[in-house]
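First up is the structure itself, then whatever we jot down about it.
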Amino acid sequence: EIATGRVYFQTIVTDADATGTPDSLAMSNETFAGMFNQDGIAAHQRLSAEGASGVGNVDISTALNSGWALKEGVPGIEIDHLISEQDVEKSNSFSDDFHFVRNNDENGLRTGLKLDLVQTASSSSEKLGEQVFMTRRVAGDLLGAGGTSVPSLASDTGVANISWNANDDVSATLFIQNITGGQLGSQVAPDAFNTAEEWNEGWGGAKVAYIGYVNRTPGSEQDASLVTPSGPILRLWTEDPFGPLPVAITKYDDNP
């Protein structure tokens, strides 16, 4: 490729007789290596597969960029990993979603980090309810603004809030388990009344819930966590910079 003023050696590995661009193929490994003493490499791997009748999916992609391949807006490392399965007949579903981004400087040193891990499982027909585990971490130049954990973490529970500045290193973790959905003792709550308050008061059966925040920046270390609080735990999630709650539990959060 001459247009950018650089010459590359390009290698593509994929299935025999495959057609299309590398990013449209079910499996591809594409590498650009600079020539004539150009330090650096750009490597992209992709893999996707669909299960029988479309009920299961695997989508994995990785990208590695170094040297000449690094520029503003391009991470040094990016990994996406999604595995999902759904049994429509039994109303069961499972998903494992992992996303990792690392920004590097020209010397390969880390300047920013973002990690997302969301796992959900649900089973309506078997009365096993839902389970959600989520942890998100943001650091360095990928954390663009300061903030604080939501006020209700202190006002509803007595647990101190934590705060952070731009470029700090902060994380949030959430775990919720809901068993035998839709029951309060022998009573059944209509779905329309399954609000966040009722969910934490007992509608939906046995619950285990945990939420925690950590600022691990040297000199600014803070942490705050609680288990099954008296107030709705879903309202304690700080969307910025940690992103929205997974779809599996948003139906229990009526007015955050």
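The values are calculated or read from the model by the stated rules, or taken from the named source; none is laboratory data. Predicted model, so just to flag it, every value in this text is computed and none were measured. Here the Cβ positions follow ideal geometry from the backbone for every residue, glycine too, while neighbour counts run over all protein chains shown.
Brief remarks on what is shown
- Residue count for segment 235-246 satisfying the condition of being modelled with pLDDT under 90 and touching a strand residue (DSSP E or B) at 6+ places or on another chain (Cβ under 8 Å): 7.
- Top-ranked residue in segment 135-149 [being part of a loop (DSSP other than H, G, I, E, B) and buried (at least 20 other Cβ atoms within 10 Å of the Cβ); ranked as modelled with the highest pLDDT]: 143
- Complete set of residues in segment 21-39 that are at pLDDT 85 or above and over 14 Å from residue 64 (Cβ atoms): 27, 28
Matching residues to (1) modelled with pLDDT of 85 or more; (2) under 19 Å from the mean Cα position of the chain (by Cα); (3) of a type in the set (S, T, N, Q); (4) in a strand (DSSP E or B):
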position: 64; (1), (2), (3), (4): yes, no, no, yes
position: 71; (1), (2), (3), (4): no, no, no, no
position: 79; (1), (2), (3), (4): yes, yes, no, yes
position: 82; (1), (2), (3), (4): yes, yes, no, yes
position: 96; (1), (2), (3), (4): yes, yes, no, yes
position: 118; (1), (2), (3), (4): yes, yes, no, yes
position: 133; (1), (2), (3), (4): yes, yes, no, yes
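- Residue 200 vs. criteria over 30 Å from residue 219 (Cβ atoms) and either at pLDDT below 75 or outside any loop (DSSP other than H, G, I, E, B) (or both): yes
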